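Student: Have a look at this one.
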Amino acid sequence: MQREFTVLTDVSLITCVVQRGKAEGVVQAAQDAGAQGATIHYGQGSGVRERLGLLGLAVDVEKEIITILCGDDQLDQVFEKMFVAAELDLPGAGIMYVTQLDKAATFVPKDIIERIHQRDFQGRGGVGIDIAGDDGK
Amino acid sequence: MNASANAKLITCILPKGRALALQRTLLAEQQLVAGNFHFGRGVGRDSHIRDRGIGEQQEREIFELIVPAQKADDLFEFIFFEAGMDEPHGGMIFITDVKMSTEFSLPDVTWEAE
């Protein structure tokens with residue numbers, strides 16, 4: 001049986017490391033800027049906290065790591081909103097970076113694929129799609 | 001040092017409970033042993049409690065696997081269907097380029113096969 005799936009191109013991965021408890025506000029800001037979803041996991045970090053001496057107690061050693069997949073057309077806007085929400089201009093607040101993805105895939109409903117094809121036909125930018133498939137072996 | 005500059009990182013964000021089965025399938029069918037997973041929580045945009053904050057959050061498993069670059073596309077497709085990502089709420093998969101990676105292989109343990 002022939003199986004098909006939709007490959008997304010022009011997609012980037014935003015990774016943001018913040019102090020524990022701050023992730024929800026950052027995700028909210030990303031969603032308001034157009035991000036579709038986010039994944040959050042926990043970790044432990046070090047950095048400016050070790051250099052602050054007693055004041056370092058104000059920086060939480062436990063971190064939340066947010067990962068968000070984002071189309072390249074929305075990337076700058078989402079990145080900026082997340083930066084502001086996470087207050088990354090403060091020392092020790094965290095760090096954020098973008099990784100370019102070769103490709104991504106997930107379940108995409110047919111009506112959305114049609115809308116993307118219409119958008120491409122009209123020459124507007126956005127996430128690129130490609131239909132791939134296998135022979136079901 | 002035995003390092004390779006020709007590798008890709010496949011990452012899958014899966015619903016809870018699927019990563020271990022995927023790891024075992026990759027071991028059995030593709031002889032891949034370099035997969036790891038960790039846990040997290042995920043949030044989608046179309047949650048029914050979206051108006052009360054960022055929406056409903058669900059447990060997720062994040063599976064990561066380093067693969068040779070020439071096999072990456074085939075494995076991407078294999079994992080996509082094997083992990084059930086062709087269904088709604090099945091998770092997502094993506095590939096990133098890796099600048100350098102070490103090789104990971106397991107020694108032959110004769111008593112394990114017996």
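Student: Using only protein heavy atoms and a 1.4 Å probe, report how much of A:Val98 is accessible, in Å² to the nearest 10.
Tutor: Surface open to solvent at A:Val98 totals about 60 Å².
Student: Excluding same-chain residues fewer than 8 positions from A:Lys103, which lysines have a Cα within less than 18 Å of its Cα?
Tutor: Candidates past the 8-residue exclusion: B:Lys8, B:Lys71, B:Lys99.
Student: Now a separate question. Give me Rg over Rh for the protein assembly as shown, both radii from the alpha carbons and Rh done the Kirkwood way, two decimal places.
Tutor: Using Cα coordinates only, the ratio equals 1.00.
Student: Separate question: Filter the trypsin sites (Lys or Arg not before Pro) in region A:5-75 to those in DSSP coil with at most 15 other Cβ atoms within 10 Å of their Cβ, and list the result.
Tutor: For trypsin sites (Lys or Arg not before Pro) across region A:5-75 that sit outside H, G, I, E and B with at most 15 neighbouring Cβ atoms in 10 Å, the list reads A:Arg20.
Student: Rounded to the nearest 10 degrees, what's the angle between the helix A:75-86 long axis and the longest principal axis of chain A, both from Cα atoms, 0 to 90?
Tutor: Result, in degrees: 30.
Student: Which whole-number percentage describes the relative contact order of chain A, with Cα contacts under 8 Å and a sequence gap of 6 or more?
Tutor: Over chain A, the number comes to 46 percent.
Student: In terms of Cα to Cα distance under 25 Å, which lysines are near enough to A:Lys22, apart from those fewer than 8 places away along the same chain?
Tutor: Here the lysines satisfying the reach criterion relative to A:Lys22 are A:Lys63, A:Lys81, B:Lys16.
Student: Please identify the longest segment of chain B free of exposed trypsin sites (Lys or Arg not before Pro), where exposed means a DSSP state other than H, G, I, E or B and no more than 10 other Cβ atoms within 10 Å.
Tutor: B:1-51
Student: How much accessible area is lost when chains A and B come together, counting both sides, with a 1.4 Å probe, in Å² rounded to the nearest 100?
Tutor: 2700 Å²
Student: Also, I was wondering about something else. I'd like the carbon and sulfur percentage of the solvent accessible area for the protein assembly as shown, probe radius 1.4 Å, heavy atoms only, ligands and nucleic acids excluded.
Tutor: For the protein assembly as shown, the apolar C and S fraction of the accessible surface comes to 51 percent.
Student: Leaving out same-chain residues fewer than 8 places away, which lysines sit with a Cα under 22 Å from that of A:Lys110?
Tutor: none
Student: In region B:78-114, which residues give up 40 Å² or more of accessible area once the other protein chains are added, compared with their chain alone (1.4 Å probe)?
Tutor: B:Phe80, B:Phe81, B:Met92, B:Phe94, B:Ile95, B:Thr96
Student: Taking beta carbons within 10 Å but only from partner chains, what does the mean come to for residues A:95-104? Display every interim value, and only then the final one.
Tutor: Details: counts 0, 0, 0, 0, 5, 2, 6, 11, 7, 7.
Other-chain Cβ atoms within 10 Å of each residue's Cβ, averaged: 4.
Student: What number, rounded to the nearest 500 deg cm²/dmol, is the helix-based mean residue ellipticity at 222 nm of chain A, given -39500 (n - 2.57) per DSSP H run of at least four residues and division by all its residues?
Tutor: Helix contribution divided over all residues of chain A: -7500 deg cm²/dmol.
Student: Here is a further query. Accessible area of A:Tyr97, 1.4 Å probe, to the nearest 10 Å²?
Tutor: Result for A:Tyr97: roughly 110 Å² accessible.
Student: OK, next. Rank these residues by their accessible area, most exposed first, probe 1.4 Å: B:Met1, B:Met100, B:Met85, B:Met92. List each step's numbers first, then the result.
Tutor: Details: B:Met1 200, B:Met100 125, B:Met85 0, B:Met92 60 Å².
Largest accessible area first, the residues go B:Met1, B:Met100, B:Met92, B:Met85.
Student: Would you work out if chain B is rounded, prolate or oblate? Take a ≥ b ≥ c from the square roots of the eigenvalues of the alpha-carbon gyration tensor; rounded if a/c is under 1.5, else prolate when a/b is larger than b/c, oblate otherwise. Let's see the in-between values first.
Tutor: Values: a/c = 2.37, a/b = 1.82, b/c = 1.30.
Prolate is the answer for chain B, as a/c is 1.5 or above and a/b outweighs b/c.
Student: Does anyone have the angle between helix B:19-30 and the longest principal axis of chain B? Alpha-carbon axes, 0 to 90°, nearest 10?
Tutor: Tilt relative to chain B: about 30 degrees.
Student: Taking the solvent-accessible surface of protein heavy atoms with a 1.4 Å probe, what is the per residue accessible area of the protein assembly as shown in Å²?
Tutor: 59 Å²
Student: Could I ask something else about it? Once the Cα atoms of helix A:110-121 and of chain A are each reduced to a long axis, what angle between those two axes, in degrees from 0 to 90 to the nearest 10, is obtained?
Tutor: Computed tilt is about 90 degrees.
Student: Counting only the heavy atoms of the protein chains, how much of B:Ser105 is accessible to a 1.4 Å probe, in Å² to the nearest 10?
Tutor: The accessible area comes out at roughly 90 Å².
The values are calculated or read from the model by the stated rules, or taken from the named source; none is laboratory data. This is a predicted model, so every value here is computed, not measured. Ideal geometry is used to build each Cβ from the backbone, glycine not excepted, and the neighbour counts take in all protein chains shown. Heads up: the accessible areas ignore ligands, DNA and RNA and are worked out on the full protein's heavy atoms, side chains in. Shrake-Rupley method; radii C 1.70, N 1.55, O 1.52, S 1.80 Å.
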